[in-house]
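Okay, structure first, notes after.
Read-outs: derived from the displayed coordinates by stated rules, not from any lab. Note that the structure is a prediction, hence the values are computed from the model and not measured. Glycine gets a Cβ as well: all are built from the backbone with ideal geometry, and neighbour counts include every protein chain shown.
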Amino acid sequence: MIDPYVRLEALDMRYPGHHAVKDLSLDIAGGEFIALMGPSGCGKSTTLRMIAGLEQPTSGRILIGGQDMTHVSADRRGTPMVWQNLALFPFLSVEDNVAFSLKMRGDSPASRRRAANEWLEKVGLGGMGKRHISQLSGGQRQRVAIARALVTQPSILLLDEPLSALDAHLRVHLQTELARLHRELKITFIYVTHSQSEAFALADRVVVMADGVIQQAGPPRAVYRAPVNGFVASFMGMNTRMDGSVAARSDGMIWVDCPEGRIAVPDTVAAGPGAALSFVIGADRMRLLGGHERAPEGHPTVAGRVVGIEFVGSTQTIFVASDTGRDFRLQRLDLGDDAVLTPGTPVTLTWDPRHAWVLPHP
Amino acid sequence: MTARLEKTQAITPAGGRTRAGNRAVLPLVLGLPVALWQLAFFVLPVIFLIVITFWKVRSFRLEPAFDLGNWEKVLTSTPFQRALVYTTEVAAIASLLCMLIAFPAAHAIALGLSETARRRWIAFLIIPVFSSYILKVYAWQVVLSPGGVVNVSLAALGLPQVDLLGGALSLNIGLLTLTLPVVTLILTFALMGVDRSLLEAARNLGASGGQVLMQVTLPAIRSGVGLAAVTAFLMSFGDYASPVFLTGSNPPTLSILIVDTVKSGSQWPRASVIGVSMLVILALAFVTVQFLTQRRAGGAR
């Protein structure tokens with residue numbers, strides 16, 4: 001990134017008795033869709049609020065478009081935000097809500113009305129300007145909040161868990177809408193969420209935070225397939241983590257002694273014999289061996305029993321407890337054979353050792 | 001959601017009617033004591049008060065009659081008209097002063113303080129409401145009188161005496177003693193109910209501090225502001241103690257006029273006319289403010 005649009009430099013935020021954000025630095029390119037994610041209390045919302053000027057960092061700098069914004073007050077930053085609870089003004093009509101920022105900067109009533117209705121049209125609420133907020137559905141209110149933030153044609157849009165109050169169906173629908181807006185407007189979106197699926201569906205780059213510190217930043221696929229540490233691996237969820245000690249190295253593989261046996265993983269870290277090592281296998285990389293099927297040469301096998309099955313549309317997640325007491329997850333297309341996979345059924349898992357990922361920092 | 005649905009379905013076929021009946025009866029039973037109290041000690045006395053306005057006084061004794069003369073006499077009398085204008089003026093000015101002093105304080109307490117500090121300030125405002133108002137007005141009289149604390153202190157410093165008792169200053173001090181804590185509390189509670197994210201959203205959308213106040217904070221607590229203003233007006237308009245102790249009944253307010261009317265010749269009917277007139281004015285003030293503040297709250301229809 002040669003010329004970041006938003007640059008966070010060593011941001012630090014301390015509250016009495018709570019160090020919310022620790023020495024955080026991040027560059028965001030112009031037009032990038034970036035998602036800040038992590039469990040609640042990880043500092044993602046505080047970071048967003050500091051960018052908006054709603055919190056003053058204890059130390060560090062915030063640059064937007066090359067300008068130092070650290071001490072610019074919130075009303076002069078031009079960083080509109082979409083709130084989790086929407087924060088629509090209940091005493092104003094839909095149109096007046098959307099036109100609010102235009103009124104604040106002193107646009108004429110006629111041009112305000114025109115711009116507001118143009119935006120309402122763009123978010124699919126044409127002709128609803130005169131309505132009262134209480135007359136709108138949850139999804140419609142969400143659109144009003146988005147139109148209200150975008151009406152000044154900002155170069156950056158901040159979103160603080162904007163979809164978490166909606167039901168699953170609407171959430172997916174509005175995700176598509178947000179992706180479309182981002183494509184058309186080509187402005188920077190900074191999106192805070194605790195939902196992995198939202199972040200992955202929308203963002204060019206995800207930033208995983210924990211404890212006020214960035215754990216990993218990168219394209220969703222890279223973070224998903226190659227988590228840098230145990231926290232990111234478990235936050236991504238859909239994988240199985242195994243631990244063992246290094247036994248030997250050969251042919252670009254490391255052999256690891258685990259309770260499940262000696263298992264090969266790609267040789268991507270410098271670890272001497274005897275060193276502790278952790279690796280993860282994506283749930284979609286796991287496979288069940290059929291009745292008399294044998295695993296290919298060099299592919300590990302783990303015996304265990306089915307604990308449960310979860311369906312997500314056409315895919316299913318099978319939870320397996322190995323004989324060694326470890327929880328394994330396997331994700332695959334729904335094959336319709338779940339009748340034989342009742343809890344307690346003995347199964348054998350296998351995977352291609354090249355698909356294991358060694359955690360650089362356990 | 002599902003559990004609730006099942007519950008409702010389970011009730012309806014069998015014992016639906018009984019339960020629905022209980023649901024309607026219970027609030028009635030719970031509300032009955034207060035309703036009876038209000039009926040016995042407010043509605044009936046007011047009706048009696050209205051009835052009396054048509055009675056006659058003969059040789060210092062009340063006699064039932066239907067005489068419109070009391071109304072005519074009082075409404076056309078100069079002392080009544082003067083007192084009416086004066087009382088309205090005093091109450092309006094005192095209310096305005098009260099709102100101007102109370103709002104910034106309430107804003108600071110509700111939006112600018114930590115949780116602990118806010119609780120302390122609220123307690124600090126509630127305590128005066130429970131202490132005797134008459135006692136406080138009497139104390140003000142002592143403080144402000146020619147031989148009072150202020151003038152004695154001034155004399156000790158070798159400064160000239162000031163005439164503090166009587167007039168708008170002392171009257172407003174008295175009325176503010178009455179209204180300020182209550183009005184500040186009403187505004188504080190109204191402001192505490194404002195969704196903070198609305199204020200942040202306004203800032204975020206480019207509103208300056210003044211614009212947030214005018215465009216978001218005040219509209220958001222419109223009915224609270226109305227209630228606070230009408231409370232200040234109601235309390236100041238009907239007050240008796242401050243005008244008596246701090247202005248020596250000069251000029252007389254409507255409350256003072258009532259007492260004078262009764263004292264001079266047991267004119268209960270005419271005093272009742274003044275009383276009923278005051279109630280009508282207060283009711284009008286209340287309804288007007290309600291109308292002004294609730295008008296747009298329901299939204300575009």
- Find me the longest stretch of chain A that has none of the exposed trypsin sites (Lys or Arg not before Pro), where exposed means in a DSSP loop (not H, G, I, E or B) with at most 15 other Cβ atoms within 10 Å. A:187-293
- Placing each pseudo-label 7 Å from Cα in the direction of the beta carbon, residue A:183 and residue B:35 end up separated by a distance in nanometres of 6.2 nm
- The value for the range B:101-239 (convex hull of the alpha-carbon atoms, volume per residue, Å³) is 148 Å³
- For the range A:224-362, what is the convex hull volume of the alpha-carbon atoms per residue, in Å³? 104 Å³
- Just in the range A:281-362: which GluC sites (Glu not before Pro) are loop by DSSP and have at most 14 other Cβ atoms within 10 Å? A:293, A:297
- Please report how far the C-alpha centroid of the range A:216-247 lies from that of the range A:1-47, rounded to the nearest whole angstrom. 21 Å
- Item | Listed residue (B:208, B:256, B:85) projecting farthest to the positive dipole end of the range B:68-294, Cβ model | B:208
- Message: Which of B:24, B:229, B:94 ends up with the largest GNM mean-square fluctuation for chain B, with Cα atoms connected below 10 Å?
- Response: B:24
- Output the pairs from B:73/B:263; A:22/A:186; A:44/A:103 with a Cα-Cα distance over 21 Å in this structure; if there are none, say none. A:22/A:186; A:44/A:103
- Give or take rounding to whole Å, what are the principal axis extents of the alpha carbon atoms in chain B, in descending order? 75, 61, 36
- Item | Partner chain coverage, peptide B:215-224 - average Cβ within 10 angstrom | 2
- With at most 11 other Cβ atoms within 10 Å, longest stretch of chain B clear of loop chymotrypsin sites (Phe, Trp or Tyr not before Pro) (DSSP): B:131-301
- Item | Hull volume in cubic angstrom per residue (convex hull over the Cα atoms of the range A:1-65) | 85 Å³
- Task: Note down the net charge around residue A:58, summing +1 for each Lys or Arg and -1 for each Asp or Glu among other residues with Cβ under 15 Å from its Cβ.
- Result: 0
- Item | Within the protein assembly as shown, helix-based [θ] at 222 nm, where runs of 4 or more DSSP H residues each add -39,500 (n - 2.57), nearest 500 | -15000 deg cm²/dmol
- Message: Can you report the principal axis dimensions of the range A:58-97 using only the alpha carbons, biggest first, rounded to whole angstrom?
- Response: 38, 19, 14
- Item | Cβ-based exposure ranking for B:72, A:198, in which fewest neighbours within 10 Å come first | B:72, A:198
- Item | Quotient of Cα Rg and 2.2 N^0.38 Å for chain A, N being how many residues it contains | 1.19
- Run through all the Cα pairs of the protein assembly as shown and give the fraction in each 20 Å bin from 0, expressed as whole percent. 13, 31, 29, 17, 8, 2, 0
- Message: Please compute the modelled spin-label separation between residue A:222 and residue A:63, points set 7 Å along Cα→Cβ, answer in nm with one decimal.
- Response: 2.2 nm
- Query: What is the average number of partner chain Cβ atoms found within 10 Å of a Cβ in A:82-90?
  - Reply: 5
